[in-house]
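The values are calculated or read from the model by the stated rules, or taken from the named source; none is laboratory data. Just so we're clear, the structure is a prediction, and the values are computed from it rather than from any experiment. Please note: Cβ atoms are built from the backbone with ideal geometry, for glycine as well, and neighbour counts cover all protein chains shown. Only protein heavy atoms, including side chains, enter the accessible area calculation; ligands, DNA and RNA are left aside. Shrake-Rupley method; radii C 1.70, N 1.55, O 1.52, S 1.80 Å.
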Amino acid sequence: MSSNSKKILILAGDGIGPEVMGEVKRTLGWFEKRRGSGFETEDGLVGGCSFDKHGVPLTDETMQKAIDADAVLLGAVGGPKWDNLPFKDKPERGLLRLRKDMELFANLRPALVFDALAEASSLKTELVKGLDIMIVRELTGGVYFGSPRGIETLPNGERRGINTQVYTTSEIQRVARVAFELARKRGNKLCSVEKANVMESGVLWREEVQKLGDTEYKDVQLSHMYADNCAMQLVRQPKQFDVIVTDNLFGDLLSDCAAMLTGSLGMLPSASLGAADKGGKRKALYEPVHGSAPDIAGQGKANPLACLLSLSMMLRYSFDQGEDADLLEKAANNVVAKGFRTGDIMAPGCTLVGTKEMGDEILKELDRLAA
Ligand code: NAD
């Protein structure tokens, strides 16, 4: 492999995964041909399809390929066929192993509203039109992983459930750094979210983020907010935010809340990033937020835009191809503005298209924009 080739592992997964990934591959081909991007792609299995072939949701070999790749693109995993497997064999375990073994501690969830879809939001159009916020959620620590944990029976026969919220300075600093860096590339504003009013881990979170702001990121406008207030502000005045950084639990809730401001699951990309190596390169996994949509799988109806926007995040964050990412996002915006819609974002007067037709329109628009 030449030193400047970009090694991408493609894990299309189950259900609509391979359908939406098909359009991603065609678009990758466009960038390869028209922009000489230097991609080197390889396909692998994850989820139910891997279980069917190898008896595990992710093989050690594929795991190693993911670790060695410059970026991993994932479709979706799961489906009713595998619902009754033991926990360790479930398709989702493949995804969890990828995140764990690649040590992906920062989950980036943009909430971006296409002008033409602003009316699909449950909020008033003027509140969400032009919305572009990024939530950075800590993904490998906090209450989902802390110990002690479990359910115990007390001497009086009552039962008690226990989970522990725990963060170290280095865990806070590394995710905050990702968020500060992102803010610099966007609107230069970062809001750090916790509950320092009632939780010691929140006090530490606030202190550590402020310390970084005071020392390494003086140029970024930093603010702090309690998580309950942030939930209110997200539905009251979402455009006040640029980048939000928060812990695993609050990030889980706030990123879903922000996502729904945009109207459809079929439009939402995500990225999960790990630590930077000596050359500044981070391990990275890009995937749509939606699942394998068994109800429409195999019918050519799935919206490929969430997966295509995940590709755009890959171009921007793994390969520094900001201009190409802008181009792809513009193409997606224009295609939707022209009225081409898959079923999930269909509106009166628009043209209903399938997965492949949506991919065709994106390629046509890329040709037009690049002409
Ligand atoms: P889902 O996201 O698959 O589907 C929810 C609804 O949204 C369905 O009606 C579906 O048709 C629709 N939808 C989702 N993506 C769409 C797209 N791109 N275009 C058009 N419509 C779309 O969630 P679910 O139904 O709760 O889960 C189905 C399976 O997916 C389960 O096995 C679940 O475990 C798995 N899942 C996987 C992931 C992942 O791979 N990251 C995430 C969530 C769920």
Taking a cut-off of 20 Å between Cα atoms, list the lysines near Lys195, but don't count ones fewer than 8 places away on the same chain.
-> Lys211
Under a GNM of the chain (C-alpha, springs under 10 Å), which listed residue has the highest mean-square fluctuation: Met267, Met358, Met63?
-> Met63
Quick one: in region 132-261, what % of C-alpha pairs are over 16 Å apart?
-> 62 percent
Summed residue charge, Cβ within 11 Å of Pro348's Cβ, Lys/Arg positive, Asp/Glu negative | 0
Answer in debye to the nearest 20: the dipole magnitude of the chain about its Cα centre, from +1 Lys/Arg and -1 Asp/Glu charges placed on Cβ, is 280 debye
Which far-off residues, 5 or more places away or on another chain, put their amide H under 5 Å from the one on His290, with H placed in the peptide plane?
-> Leu268
Grab the other residues whose beta carbon is less than 13 angstrom from that of Phe51, score K and R as +1, D and E as -1, and report the net.
-> +1
Where a ≥ b ≥ c are the square roots of the eigenvalues of the C-alpha gyration tensor, would you call the chain rounded, which needs a/c under 1.5, or, failing that, prolate if a/b is larger than b/c, or oblate?
-> rounded
Could you pull out the pairs from Lys330/Lys356; Lys25/Lys189; Lys189/Lys338; Lys7/Lys239; Lys65/Lys330 whose alpha carbons sit more than 28 Å apart here?
-> Lys25/Lys189; Lys189/Lys338; Lys7/Lys239; Lys65/Lys330
Considering Cα pairs under 8 angstrom that are at least six residues apart, work out the relative contact order of region 112-168 and quote it in whole percent.
-> 27 percent
5 angstrom amide H check on Leu131, placed H, neighbours 5+ away | Val113
List the residues whose amide H sits under 5 Å from the amide H of Ala275, counting only those 5 or more places along or on another chain, with H placed 1.01 Å from N in the peptide plane.
-> Phe105, Lys283
Top of Gly266, Gly150, Gly55 by mean-square fluctuation, Gaussian network on the chain, Cα under 10 Å = Gly150
So how strong a dipole does region 132-261 carry about its Cα centre when Lys and Arg Cβ are +1 and Asp and Glu Cβ are -1, to the nearest 20 debye?
-> 240 debye
Please report, in debye to the nearest 20, how large the charge dipole of region 223-371 is about its Cα centre when each Lys and Arg carries +1 at its beta carbon and each Asp and Glu carries -1 there.
-> 120 debye
Applied in sequence order to region 57-74, the curve 6.51 cos²θ - 1.76 cosθ + 1.60 (Karplus, θ = phi - 60°) yields integer Hz couplings, x standing for Gly and Pro, of x, 7, 7, 4, 5, 5, 4, 5, 4, 5, 5, 7, 6, 6, 7, 10, 10, 10
Looking only at Pro18, Pro86, Pro57, which one moves most when the chain is put into a Gaussian network model with springs between Cα atoms under 10 Å?
-> Pro86
With unit charges on the beta carbon (Lys/Arg positive, Asp/Glu negative), name the residue among Ser223, Pro148, Asn188 whose Cα is farthest towards the positive pole of the charge dipole of region 132-261.
-> Asn188
In a shell of Cβ-Cβ distance under 11 Å around Ala302, excluding Ala302 itself, what net charge do Lys and Arg (+1) and Asp and Glu (-1) give?
-> -2
Setting aside same-chain residues fewer than 8 positions from Lys33, which aspartates and glutamates have a Cα under 12 Å from its Cα?
-> Asp367
Those aspartates and glutamates that a straight Cα-Cα span of less than 15 Å connects to Lys124, excepting residues fewer than 8 apart in one chain = Asp115
Mind listing the phi-derived Karplus ³J(HN,Hα) values for region 354-360, rounded to whole Hz, using 6.51, -1.76 and 1.60 with θ = phi - 60°, and x for any glycine or proline?
-> x, 4, 5, 5, 4, x, 4
Estimate the FRET efficiency between Ala347 and Leu127 by the formula 1/(1 + (r/R0)^6), using the beta-carbon distance for r and 22 Å for R0, to the nearest 0.05.
-> 0.70
Once phi is turned into θ = phi - 60°, what whole-Hz ³J(HN,Hα) does the Karplus curve with 6.51, -1.76 and 1.60 give for every residue of region 312-319, x standing for Gly and Pro?
-> 5, 4, 4, 4, 6, 8, 8, 10
Give the ranking of Val56, Val128 by solvent-accessible surface, highest area first, calculated with a 1.4 Å probe.
-> Val56, Val128
